1. Considering each of P395, P355 in turn, give the residue that is more than 29 Å from W162 (Cβ to Cβ) and not aliphatic (A, V, I, L, M).
2. So in the range 406-422, with the set limited to residues that are buried (at least 19 other Cβ atoms within 10 Å of the Cβ) and not hydroxyl-bearing (S, T, Y), which one is nearest to L109 (Cα to Cα)?
3. Could you count how many residues in the range 48-66 are within 15 Å of S79 (Cα to Cα), out of contact with any Leu (no Cβ under 6 Å at 6 or more places or on another chain) and surrounded by 14 or more Cβ atoms within 10 Å (Cβ to Cβ)?
4. Test of understanding: among V252, V276, V189, which residue is within 30 Å of A375 (Cα to Cα) and under 28 Å from the mean Cα position of the chain (by Cα)?
5. Going through E343, E321, E407 one at a time, which residue ends up being without any contact (Cβ under 8 Å) to a residue 40 or more places away in the chain, of a type in the set (D, E), in the same structural domain as W271 (by TED's automatic domain parsing) and within 30 Å of V297 (Cβ to Cβ)?
6. What number goes with the only condition from (1) outside any strand (DSSP E or B); (2) modelled with pLDDT of 95 or more that C5 does not pass?
7. Could we say that K169 is in contact (Cβ under 8 Å) with a residue 40 or more places away in the chain and closer than 28 Å to F349 by Cα here?
8. Just wondering, is there one or more residues in the range 334-350 that are among the hydroxyl-bearing types (S, T, Y) and surrounded by fewer than 18 Cβ atoms within 10 Å (Cβ to Cβ)?
Amino acid sequence: MMNNCFPQLPMKFRIYISVVAAMLAAGCADKGMTIEERLDTIQADTLFRIEADTMFSEAWEIRLWQPVDHRNPDGPRFSQQVFLYFAGKDRPVIVETEGYGAREGRNELASLMKANLIRIEHRYFEESRPDSAEWEYLTTWQAATDHHRIIELFKPVFSGKWATTGISKGGQTVMFHRYYYPEDVNVSVPYVAPLNFGPEDERMVPFFESVGTAECRDRVFRFQKLALEKFDQLFPIFLKYAGERGWTFNRVGGPETAYEMTVLEYEFAFWQWGSVPCDSIPLDGDDEKLFRHLADVGDPRYFADQGLEYFEPFFYQAMTEIGYYGYNFDRFAGLLKHARNSEQPEFQFSAPQGPDYVYDYGFGRKVAEYIREDAENFIFLYGEFDPWSATAADPGDNDKCLKVVKEGGSHRIRIMNLSDDRREEVLDRLEEWLDYPATR
């Protein structure tokens, strides 16, 4: 047995060989696991290949086992749906944290950076629901820990840098994950993500008093007022429309309430999506035309039992941690006969019935403080006319983050529909922070 590795060589050769050996060892360490080796070792309910988009060489759909309660890892589990798209182990990895269910499809950030993509369905939605809906485990920390665990599982496979991204509630999820696990990824890009401070965030009120032009705001209000004044003419059309689709309205308090709530929602939806020119809002014409416009913009299904069932997990979170908005009932005094402002948050009827709801008013402000003082390498994207910009994250003087607000933009804002100069600014930051060239 040799006690000296280099007994016959002069010192300078021993140093040289030691350096080479260290470099070889580092090379082996950098190699890490192959994607197949990683997939062979994870605990999954199901795992199978799916057809890969042309951007990727391989793709898989995975139902990954997760603890319902990460503080009790040996307790009940649920399977969380994950889509994995492989482009190359040396490329960046984009983790898309969905706020709801997950679907196959493209991701803007992965396309721009020619990156790998991991898309994660949010716990308690679609295929990722525990057998027993114990709502107390639907928290921002539990969801963030789902994402942390998945990132840790796949870190050994990839040598490129990591980014999280998501849209709307998915963007909220990006912020919350990074708040709890700031070192998990190098970059975060939340799109149109609100950071609410209450179940009915009051910052919405001044937003609707100043958004767009005075003429457009007035036209929106006049249409809402007309739709309430013509209740007797439009409500029968509403009933027929809902009946053809099999919708019921028990939770909201009946179809009459649902109709009035649709009128109240019209203002938010009009500005959020920006899909209807202001001068096309009808203020006269036949009743069918008026109702069709109301339904196209306000979407009555939002208040139907069938629509609310899907969004129950979201509204649980909205009433406990992540917040939402309410309506300005006072503007329509005397016109509302069924929808009523109450002491409870307006949308509590949409949340699971049974739990006692206590809102954590400190959580959103803690995340806001983290973003102002400690966050790094965030790119926040918002549309000026999107109501969620009223409760947007604000990095303030934190020059390690970038916030871009598209002039006149809506909830549909994307990097590629920014103005040329702002798009280049975003792409330059992505290239710098991910150390990889973007597609232009």
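The values are calculated or read from the model by the stated rules, or taken from the named source; none is laboratory data. Since we're looking at a predicted model, the values are computed, not measured. As a convention, Cβ positions derive from the backbone with ideal geometry for all residues, glycine included, and neighbour counts pool all protein chains shown.
1. Numbers: P395 fails: more than 29 Å from W162 (Cβ to Cβ).
The conditions single out P355.
2. So the first thing to find is which residues in the range 406-422 are buried (at least 19 other Cβ atoms within 10 Å of the Cβ), and the list is 406, 409-411, 413, 415, 418.
Those still in the list that are not hydroxyl-bearing (S, T, Y) too: 406, 409, 411, 413, 415, 418.
Values: K406: 18, G409: 19, H411: 17, I413: 13, I415: 8, L418: 14 Å.
For the range 406-422, the residue satisfying everything is I415.
3. Residues that pass the stated criteria total 4.
4. Values: V252 fails: within 30 Å of A375 (Cα to Cα); V276 fails: within 30 Å of A375 (Cα to Cα).
V189 is the lone residue from the list that is within 30 Å of A375 (Cα to Cα) and under 28 Å from the mean Cα position of the chain (by Cα).
5. Numbers: E321 fails: without any contact (Cβ under 8 Å) to a residue 40 or more places away in the chain; E407 fails: in the same structural domain as W271 (by TED's automatic domain parsing).
Of E343, E321, E407, the one residue that is without any contact (Cβ under 8 Å) to a residue 40 or more places away in the chain, of a type in the set (D, E), in the same structural domain as W271 (by TED's automatic domain parsing) and within 30 Å of V297 (Cβ to Cβ) is E343.
6. Going through (1) outside any strand (DSSP E or B); (2) modelled with pLDDT of 95 or more one by one, C5 breaks only (2).
7. Numbers: in contact (Cβ under 8 Å) with a residue 40 or more places away in the chain: yes; closer than 28 Å to F349 by Cα: yes.
Yes: the conditions hold for K169.
8. Step one: list which residues in the range 334-350 are among the hydroxyl-bearing types (S, T, Y), which gives 342, 350.
Filter once more, keeping what is surrounded by fewer than 18 Cβ atoms within 10 Å (Cβ to Cβ): 342.
Yes, because at least one residue in the range 334-350 is among the hydroxyl-bearing types (S, T, Y) and surrounded by fewer than 18 Cβ atoms within 10 Å (Cβ to Cβ).
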